[in-house]
Every structure is written in C-alpha cells, then in structure tokens.
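To start, the structure under review is shown below, and the notes come after it.
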Amino acid sequence: MIIVLFGPPGCGKGTQASIIASNINVPHLSTGDMLREAVKSKTETGLKAASIMEEGNLVSDDIVISIINDRIGKNDCRNGFILDGFPRTLSQAEELDSMLIEEKLKVDLVLEFSVNDEVLISRIEGRFSCGDCGLGYNDYTKLPLKEGICDQCGSSNFIRRKDDNRETVTKRLEAYSKDTLPLLPYYREKQVLYSIDGLADIDVVSNELMTLIKKWDRYRWLECKGEYNRDLRTILFKKWK
Ligand code: ADP
C-alpha cells in the first residue's frame, strides 16, 4: 500500500506517519528527515540543501526526486511505504507517478490533514525532541514529565530544529500554499484524496486513519476477487473530497 500524508508544516504528518508505518509494517519515508541527515553528514546533497532549508524554502525538485527514487527502490519498500513531505510540487507528484507506473504501482491513498495557520505556528514554535531517542515534545502541550529528562530514554539532550522559528515557519506556510496546495485537485481527480481534522488528538487521528486504511484494504481485496461491495464503497467514499 502506498500512502501519501499531505498537509502543511506542523500538521502532525510526521507523528501519524510513524504510528501508521509501525501498525502496517511499511517504512516511513520523510524527505525532511532524509535531507536533515544529509545536512548532518555533509554530503553533496546536504551542502546544497542546508541554507535553502534554513530559510524555509523548498529544495529543488531534482534533489528530492532522486532521493525518493533511490529510496523506494530498496527492498524494504516492496510491500509499500508511507510518504511524509513528498510530493510537495506538481512535478514531484508527476515524477512519483511515472516511477510507480514503471513498477505497475500507483498512489493508493492521499490523506490530507486540515489545520489552521495560527495553531500550526504555535505547534511548530513550541516543538522540540529528544536528540537521543527522537521522542517529540512541545512547550505548550507536552513537556517531559520530569523537567529536563526524556520520558522514554532518560536523556537530557533535547534538540530544536533550526527552521522551527516564526519567521521561517511563515515562509514554509507560504511555500505550502503556493507550491503544494495545487496538488489537491490533482489527487482529487484520481479519487484517492481523503481529508481528516488535524486538530483532533493524536489517538483520535490515528484511529481514524487506521480505520480508513483497513476499510480501503478490504475494499481492494473484494475488488480483486471481483466482488463489488456497495455498502463498503459507500462508507469508504463518504468522506472522499
Ligand atoms: P515541515 O513539514 O515541518 O516543513 P519537513 O521535515 O517535511 O518539515 O521539511 C523540512 C524542509 O525540508 C522543508 O522546509 C524543505 O526545505 C525541505 N523539504 C522536505 N521535503 C521536501 C520536498 N518534497 N521538496 C522540497 N523541499 C523539501
């Protein structure tokens, strides 16, 4: 199953991507994480991307397309994957489709998170994570139970992303409206787009997403067997945009 998580910075895509990925046992591919890794290891790509990311602009299509192309060719992606932060432009979406068509595959579900901008800005400004185990926190909504100590691994090495400040966030939101939102009609036309309320609690969102994924899986399974299940289709497509 190939799933795209779609939404502005700070909408919760990353959190949900790791929950779903571990539930359905497919890799979580985040272009943001891959680029940050490249910046950290000072690879050629990392050196090109660093200042662009710090300013809140989009890295060039060529770079991210080639990263994704390499990654989805790996063995662990054979049963599907979850894309988080890719595609972000129309040409990335079209390139993704051509890569998949070569393997007789296609994007199965695009899950859109809707959230308003003010909430996004405070979510992003407040977020930080454990530099050792990666667990996420937030100044406003989720502080460690013991001040300065990670709940999960006991480390006191907390980190904040360089691009998580008000000025850069505003730029990232502008890039989202200008370059990424135009992808919605593209996926709507393909009838794979499903919208959820990104403001709901983490558990509520992940339950809704898992329910949808299971229904979708069953629908496809019945379809493969040549059985058309009208009720299931109605339930499934009720919330399609
Ligand atoms: P967020 O969703 O919070 O903006 P990400 O971790 O997805 O964070 O991305 C961080 C930065 O990495 C982006 O602002 C952009 O510079 C770069 N980036 C990530 N994915 C892409 C992409 N598909 N196309 C272009 N740039 C990207």
**Study point:** Set of segment 26-61 residues, backbone N closer than 20 Å to the point 7 Å along the Cα-Cβ line of Thr170
**Key:** 52-58
Practice item. May I ask you to derive the relative contact order of the chain, considering only C-alpha pairs under 8 Å and at least 6 residues apart, and to give it as an integer percent? Key: 25 percent
Check your understanding: How many percent of all Cα-Cα pairs in segment 53-171 sit more than 18 Å apart?
Key -> 65 percent
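Could you order peptides 16-27, 210-221 by the average number of other Cβ atoms within 10 Å of their residues, highest first?
16-27, 210-221
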Practice item. Output the Kirkwood hydrodynamic radius of the chain, Cα pairs only, in Å rounded to one decimal. Key: 19.0 Å
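Between Tyr140 and Leu90, what length comes free when the chain is fully extended (0.36 nm per residue of separation minus the Cα-Cα distance, one decimal in nm)? Don't skip to the answer; put the middle values down first.
On the way: separation 50, 0.36 × 50 = 18.00 nm, distance 3.46 nm.
Extra length available between Tyr140 and Leu90 comes to 14.5 nm.
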Review point. Using θ = phi - 60° and the Karplus curve 6.51 cos²θ - 1.76 cosθ + 1.60, what whole-Hz ³J(HN,Hα) does each residue of segment 150-158 get, with Gly and Pro shown as x?
Key: 5, 4, 8, 10, x, 6, 10, 8, 9
Study note, to complete from the structure: In deg cm²/dmol, rounded to the nearest 500, the helical mean residue ellipticity at 222 nm of the chain, built from -39500 (n - 2.57) for every DSSP H run of length 4 or more, is -15000 deg cm²/dmol
Point to revise | Lys178 versus Glu118: modelled label distance in nm, points set 7 Å from Cα along the beta carbon direction | key: 2.6 nm
Revision key, fill the gap. Share of accessible surface on carbon and sulfur in the chain, whole %, 1.4 Å probe and ligands ignored, is 49 percent
Exercise for review: Can you tell me the dipole magnitude for the chain around its Cα centre, using point charges on the Cβ only (Lys, Arg +1; Asp, Glu -1), in Debye to the nearest 20?
Suggested key: 540 debye
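Just list whichever of Lys13/Lys40; Lys13/Lys106; Lys142/Lys162; Lys13/Lys162; Lys40/Lys178 have alpha carbons separated by over 24 Å in the model shown.
On the way: Lys13/Lys40 22 Å; Lys13/Lys106 20 Å; Lys142/Lys162 20 Å; Lys13/Lys162 19 Å; Lys40/Lys178 28 Å.
Violating the 24 Å limit, Cα to Cα: Lys40/Lys178.
Shape call for segment 162-203 from the C-alpha gyration tensor, a ≥ b ≥ c root eigenvalues: rounded (a/c under 1.5), prolate (a/b greater than b/c) or oblate?
Numbers: a/c = 3.88, a/b = 1.38, b/c = 2.81.
Because a/c hits 1.5 or more and a/b fails to exceed b/c, segment 162-203 counts as oblate.
The values are calculated or read from the model by the stated rules, or taken from the named source; none is laboratory data. Keep in mind that this is a model prediction, so the values were computed, not measured. Neighbour counts run over all protein chains shown; Cβ positions are idealised from the backbone, glycine included. Each accessible area value is taken on the protein alone, full model and side chains, heavy atoms only, with ligands, DNA and RNA left out. Shrake-Rupley method; radii C 1.70, N 1.55, O 1.52, S 1.80 Å.
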